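The values are calculated or read from the model by the stated rules, or taken from the named source; none is laboratory data. What you see is a predicted model, and the numbers here were worked out from it, not measured in a lab. Cβ coordinates were reconstructed from backbone atoms using ideal geometry, including for glycine residues, and neighbour counts include every protein chain displayed.
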Amino acid sequence: MRQIVTTLLFLLLPFTASAQQGIVLYDETVKIQIELPPEMKHMEKEFPTSNSFSRVLYFDGAVSLMKTTPQEKEDEQIEAESGGMRIRMVARNADAEIYTDYDAATRIEQRDFLGRTFLVTGPLPELTWRLTDERAEFLGYACQKAVSTRDSIEDEAWFTTEIPVQAGPGPYGGLPGLILALHEDDGRRSFVAKEVMLDSVPDGLLQAPSKGREMSREEFDKMVEEKLKEMGGARPGRPNVMIRMQRE
């Protein structure tokens, strides 16, 4: 029997516990896909298939701030050369901040790109979640699965109503509970919570970033695309992964 799902419009959701505060530590895992030329196929095993980063999310009611946490290892760099082709891959633990106001449906993102800092502003992505009857447990919290489809890509979120806030990792949220696991585009990027602390967020910490040149999302994406073309063969693999393929 076909699974029955419910369409959820977050603008209609009542949130009675809007004062809930806390901190979540996530592991972000990004799959790396590199299309190697035929003469370099034998070197596929030299490149990693994924990269992981640590993120921290602070939330207070309908407002959240996601930041990068310090990591022990430095940016991972791998170079390979064969048949006159050189490939250089850099996986960066990007120093980014994402401030989200779910009630206002706005996002302010501070991003570093090619040594410059930008303040990317704009509305939240329009997501329509469908609740399913699938259940699971994460970190001792009862969770329910929700899915959202955008441009034929399906995102899967596991949220808990035991923490009734709209927050989630990255641009994701708007569900009747905190998102503890998020799998984007068939798992090409995933966020999985490894610790939840329902403590008061330190005063002054939950502030929107203000450093950098202000741009819209459309302006920033266009600039990145143009700069990568100027770099002659450089292209993004997945978030935080830069790949440069060049013939010698």
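Figures for the structure shown
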read-out: Failed item in (1) loosely packed, with under 14 Cβ neighbours inside 10 Å; (2) modelled with pLDDT of 95 or more, with C143 passing the rest; value: (1)
read-out: Filter result for D186 (part of a loop (DSSP other than H, G, I, E, B) and modelled with pLDDT under 85); value: yes
read-out: Scan of the stretch 190-223 for residues that are surrounded by 12 or more Cβ atoms within 10 Å (Cβ to Cβ), among the charged types (D, E, K, R) and under 25 Å from P164 (Cα atoms), ordered by number; value: K194
read-out: The stretch 110-120, subset in contact (Cβ under 8 Å) with a residue 60 or more places away in the chain and among the charged types (D, E, K, R), residue surrounded by the most Cβ atoms within 10 Å (Cβ to Cβ); value: R111
